[in-house]
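Written out below as structure tokens is the structure these notes cover.
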Ligand SMILES: Nc1ncnc2c1ncn2[C@@H]1O[C@H](COP(=O)(O)OP(=O)(O)O)[C@@H](O)[C@H]1O
Ligand SMILES: [Mg+2]
């Protein structure tokens, strides 16, 4: 039992990282832009988020540094890094109308490079090791619920023992669901992703919606990278752990059928699949098999969902296609 | 007279790269009048109207609304001048409801269903539309979608309505209904512009006709003072004969016998229900029916592209030998030497490769006959040149991507290629859809030529007037069943229209 709970808690920790990546990409894809640069964006988010908090700590000194401020700075720098990377992607695909897949892949290469460079640069400059002080580390993994809730048997650990990023991600998913389904702006955004020519003819500013969704979506994805570095990786630059996470987020978007609420349990499930090899080890199964499980699940879901031919559970109809009014 | 003028377009020119789509066009649109815009494919009708709808900007010239020059920079601007266009490809979001589509993009409108519904209802009552505001677009028939488009435009307060080939996808009954609506709009003092290829519709509906040819404005006549022949001559630029010749083949013989053909799609819906008929060599067999009554499945199951649940399709040689086609793949059917040619509905999807030129597309039919490692380009090139000349395909070269050609020319390439394979059965699905009169007649003549060569021609069509003139017999499908086969020489349009809806239950979507 307790090992099961431990698995669940660890899945949530890793799932939180995925949830940000996925929610950001859902927002982007709802505007019809398929940004395959998530991998790069999350790298940049991780490196710059850590750099932000680290610089802050160095500037004010360990003693004077405040955990909450450090978190805000990390979030803002990570978001900004992702937003800027996505702005580049947006400019190339929306304004210059270049191929989205190629641009996205280029962004992945660019972003992982920039992220690595930044992380390594900091490491070398600091003499081989960048890490936040224990005081700030604690702030990033601080359990926000009071101990009497956490101490409730079973339930307490499952529901109340996580850090703030998890609950914020859930709130974000719910907010996005509400935004897409209930608000006019959300409906307009969906129409842009479904049929840009319709939205255009209805007088909606396609360019504005596409840019905003792409930039904000990229920013959200980047926070995922920062969350990984500051929680799972223990506030130390670790490029290996981040590798592949962005691709997993892209797969997860498909798995969730572009629905933010599905991203909540989907991320936790994928989180579980990703860390299974550490926890539920079966001797004769190589870890590589474990690691491809999320992708296998995604393929199975794709097969089933396309077989059912449900009109509602489809990607945004214009996903991956650039829009130009005078094109026919 | 002057005060009912809504829009004036003055020497409008629009170029797409080298192509001059509109060349110094002057056009006046008046309130309380239905204007038909007539012209062959690619004559620039859609382009001209798109400039009023804010999709394109004119390169030269001026647009006046009520005498004052205006600039229409976006579809939003167009609405602000009361211009609404119903595009040939509907601009609707499939996964939204009708109501959501109707209010899309309206900023001052709350997403309050009650107000929307009551306003929608007012419009529907005025023109006796019936739409279900809560229904999703993907659940709707083509004509229901069109209704949503019209309501959407009216909801935005448009009083200048432009319809781009609205009848191309409608049944005769649905077309009639649409015309009633358009006449009611005219009564309300709205200006209506309708683009159509069908001359009988022009004659029936409009007050005036404006004709374009190759991007130029040719003239404008009152409908009451003209006739189809004059209009065709204006459109084409020289006189054309508008009769379809229907010679009789000396001795038609059974070529293909279909018995109890039944198909079920992957969702378990029966698409064809015990369909039986015989196609004769030396005969054009028409297939009529409301869109989606099984026409596509019929042709595809005969050609081996669609899974068959039961039934048989037998091909007869001249010497009486017969071959069963069911259970064979298209490749196997071809190897048996049956000689079947298929001009599918989806020309660029199933028929041709859009990004390749004419030569490349000719090769698709013959590449297996080449020897060795390399492609034999000579004979396809030769064939492409022949089709280019014989059918007067308008294209800069045989390597010009077919995707960029106009619809009529794409169709000529496809039909030309299929006929060149010397088929004994020629199956065509909507071969003149979207084509202008002149090209349509070229296609009709080609089909008749094939028939007189002893080919069994199956013609799935939608324009009943044409089918009654062109075909020898007409098979009418209704919901996947054969509701009858009539002799086209003495059947009437009403009779066929009735058969299209009578067998089996009516489609649920028609009841609303
Ligand atoms: N968006 C476009 N880009 C390039 N060429 C175009 C475009 N739209 C139309 N054309 C060209 O302009 C001409 C007129 O086309 P169109 O207005 O669609 O004709 P019609 O509606 O009368 O069939 C054609 O030669 C067509 O190929
Ligand atoms: Mg057109």
In the range B:36-53, the residues that are within 12 Å of another protein chain (Cβ to nearest Cβ) and touching a strand residue (DSSP E or B) at 6+ places or on another chain (Cβ under 6 Å): B:46, B:47, B:53
Test: residue in the range B:289-301 that is at pLDDT 90 or above, surrounded by fewer than 17 Cβ atoms within 10 Å (Cβ to Cβ) and at positive phi: no
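Please determine whether any residue of the range B:124-137 is within 12 Å of chain A (Cβ to nearest Cβ) and modelled with pLDDT of 90 or more. If you could, list the steps in order and put the result at the bottom.
As a first pass, look at the range B:124-137 and keep what is within 12 Å of chain A (Cβ to nearest Cβ): B:136-137.
Then keep just the ones that are modelled with pLDDT of 90 or more; that gives B:136-137.
Within the range B:124-137, one or more residues are within 12 Å of chain A (Cβ to nearest Cβ) and modelled with pLDDT of 90 or more.
This table checks each residue for (1) outside the structural domain of residue B:61 (by TED's automatic domain parsing); (2) over 24 Å from the mean Cα position of the chain (by Cα); (3) in a strand (DSSP E or B); (4) surrounded by fewer than 21 Cβ atoms within 10 Å (Cβ to Cβ).
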| residue | (1), (2), (3), (4) |
| --- | --- |
| B:200 | no, no, no, yes |
| B:212 | no, no, yes, no |
| B:245 | yes, no, no, yes |
| B:257 | yes, yes, yes, yes |
| B:260 | yes, yes, yes, yes |
Failed criterion for residue B:72 (all others in (1) at pLDDT 90 or above; (2) within 16 Å of ligand 1 (Cβ to nearest atom) hold): (2)
Single residue of A:109, A:41 found to be under 15 Å from the mean Cα position of the chain (by Cα) and within 25 Å of residue A:243 (Cβ to Cβ): A:41
Among the candidates B:39, B:54, B:32, residue that is more than 15 Å from ligand 2 (Cβ to nearest atom), within 28 Å of residue B:179 (Cα to Cα), in the same structural domain as residue B:198 (by TED's automatic domain parsing) and crowded, with 23+ Cβ neighbours inside 10 Å: B:54
Unique residue being in a helix (DSSP H, G or I), touching a helix residue (DSSP H, G or I) at 6+ places or on another chain (Cβ under 9 Å) and either within 16 Å of ligand 2 (Cβ to nearest atom) or more than 13 Å from residue B:361 (Cα to Cα) (or both) when the list is B:445, B:409: B:409
Residues being more than 8 Å from ligand 1 (Cβ to nearest atom) and assigned to a loop (DSSP other than H, G, I, E, B) - total across the range B:25-65: 8
Residue in the range B:216-228 that is in a helix (DSSP H, G or I), touching a helix residue (DSSP H, G or I) at 6+ places or on another chain (Cβ under 7 Å) and under 25 Å from residue B:488 (Cα atoms) present: yes
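Which one of B:454, B:461, B:416 is out of contact with any helix residue (DSSP H, G or I) (no Cβ under 9 Å at 6 or more places or on another chain) and within 30 Å of residue B:323 (Cα to Cα)?
Numbers: B:461 fails: out of contact with any helix residue (DSSP H, G or I) (no Cβ under 9 Å at 6 or more places or on another chain); B:416 fails: out of contact with any helix residue (DSSP H, G or I) (no Cβ under 9 Å at 6 or more places or on another chain).
Answer to the selection: B:454.
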Qualifying residue in the range B:3-23 (condition: under 22 Å from the mean Cα position of the chain (by Cα), in the same structural domain as residue B:103 (by TED's automatic domain parsing) and either more than 11 Å from ligand 1 (Cβ to nearest atom) or farther than 15 Å from residue B:193 by Cβ (or both)): yes
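Test residue A:104 against the stated conditions and say whether it is free of Cβ contacts under 8 Å to residues at least 40 places away in the same chain and either crowded, with 18+ Cβ neighbours inside 10 Å or part of a loop (DSSP other than H, G, I, E, B) (or both).
Values: free of Cβ contacts under 8 Å to residues at least 40 places away in the same chain: no; either crowded, with 18+ Cβ neighbours inside 10 Å or part of a loop (DSSP other than H, G, I, E, B) (or both): yes.
Considered against the rule, which asks whether it is free of Cβ contacts under 8 Å to residues at least 40 places away in the same chain and either crowded, with 18+ Cβ neighbours inside 10 Å or part of a loop (DSSP other than H, G, I, E, B) (or both), residue A:104 comes out as no.
For every residue, the table says whether it meets (1) more than 10 Å from chain B (Cβ to nearest Cβ); (2) at pLDDT 90 or above; (3) crowded, with 21+ Cβ neighbours inside 10 Å.
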{"residue": "A:164", "(1), (2), (3)": "yes, yes, no"}
{"residue": "A:171", "(1), (2), (3)": "yes, yes, no"}
{"residue": "A:174", "(1), (2), (3)": "yes, yes, no"}
{"residue": "A:177", "(1), (2), (3)": "yes, yes, no"}
{"residue": "A:180", "(1), (2), (3)": "yes, yes, no"}
{"residue": "A:192", "(1), (2), (3)": "no, yes, yes"}
{"residue": "A:198", "(1), (2), (3)": "no, yes, yes"}
{"residue": "A:203", "(1), (2), (3)": "no, no, no"}
{"residue": "A:211", "(1), (2), (3)": "yes, yes, no"}
Filtered residues of the range B:307-325 (kept if touching a helix residue (DSSP H, G or I) at 6+ places or on another chain (Cβ under 8 Å) and surrounded by 17 or more Cβ atoms within 10 Å (Cβ to Cβ)): B:308, B:313, B:325
Condition broken by residue B:73, with the remaining ones in (1) within 11 Å of chain A (Cβ to nearest Cβ); (2) in a loop (DSSP other than H, G, I, E, B); (3) in contact with a strand residue (DSSP E or B) (Cβ under 9 Å, 6 or more places away or on another chain); (4) farther than 30 Å from residue A:181 by Cα satisfied: (3)
Some residue of the range B:95-104 being at pLDDT 85 or above, in contact with a strand residue (DSSP E or B) (Cβ under 6 Å, 6 or more places away or on another chain) and within 14 Å of chain A (Cβ to nearest Cβ): yes
Residue count for the range B:169-197, restricted to those that are surrounded by fewer than 21 Cβ atoms within 10 Å (Cβ to Cβ) and within 16 Å of ligand 2 (Cβ to nearest atom): 1
Residues of the range B:180-195 that turn out to be modelled with pLDDT of 95 or more and either within 23 Å of residue B:293 (Cβ to Cβ) or within 16 Å of ligand 1 (Cβ to nearest atom) (or both), as a count: 2
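Take the range B:381-410 and flag every residue that is within 13 Å of ligand 1 (Cβ to nearest atom) and more than 14 Å from chain A (Cβ to nearest Cβ). Step through it out loud before you land on a result.
Applying the first criterion (within 13 Å of ligand 1 (Cβ to nearest atom)) to the range B:381-410 yields B:394-396, B:400-410.
Scanning the range B:381-410 gives B:394, B:395, B:396, B:400, B:402, B:408, B:409.
Keeping to the range A:271-328, report how many residues are in a loop (DSSP other than H, G, I, E, B) and within 14 Å of chain B (Cβ to nearest Cβ). Steps first, please.
Initially, the range A:271-328 is screened for residues in a loop (DSSP other than H, G, I, E, B), giving A:280-286, A:309-328.
Those still in the list that are within 14 Å of chain B (Cβ to nearest Cβ) too: A:309-319, A:323-328.
Total meeting the criteria: 17.
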Any hit, the range B:446-459, residues being within 16 Å of ligand 1 (Cβ to nearest atom) and at negative phi: no
Cβ pairs under 9 Å, 6+ apart, first in the range B:9-23 and at positive phi, second more than 9 Å from ligand 1 (Cβ to nearest atom): B:11/B:24; B:11/B:25; B:11/B:26; B:11/B:60; B:11/B:61; B:11/B:62
Residues being free of Cβ contacts under 8 Å to residues at least 40 places away in the same chain and either within 16 Å of ligand 1 (Cβ to nearest atom) or closer than 17 Å to residue B:37 by Cα (or both) - total across the range B:162-174: 1
Residue list for the range B:76-89, filter: facing chain A (nearest Cβ under 9 Å), over 15 Å from residue B:155 (Cβ atoms) and within 16 Å of ligand 1 (Cβ to nearest atom): B:87, B:89
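The values are calculated or read from the model by the stated rules, or taken from the named source; none is laboratory data. Since we're looking at a predicted model, the values are computed, not measured. Cβ: placed from backbone, ideal geometry, glycine included. Neighbour counts: every protein chain shown.
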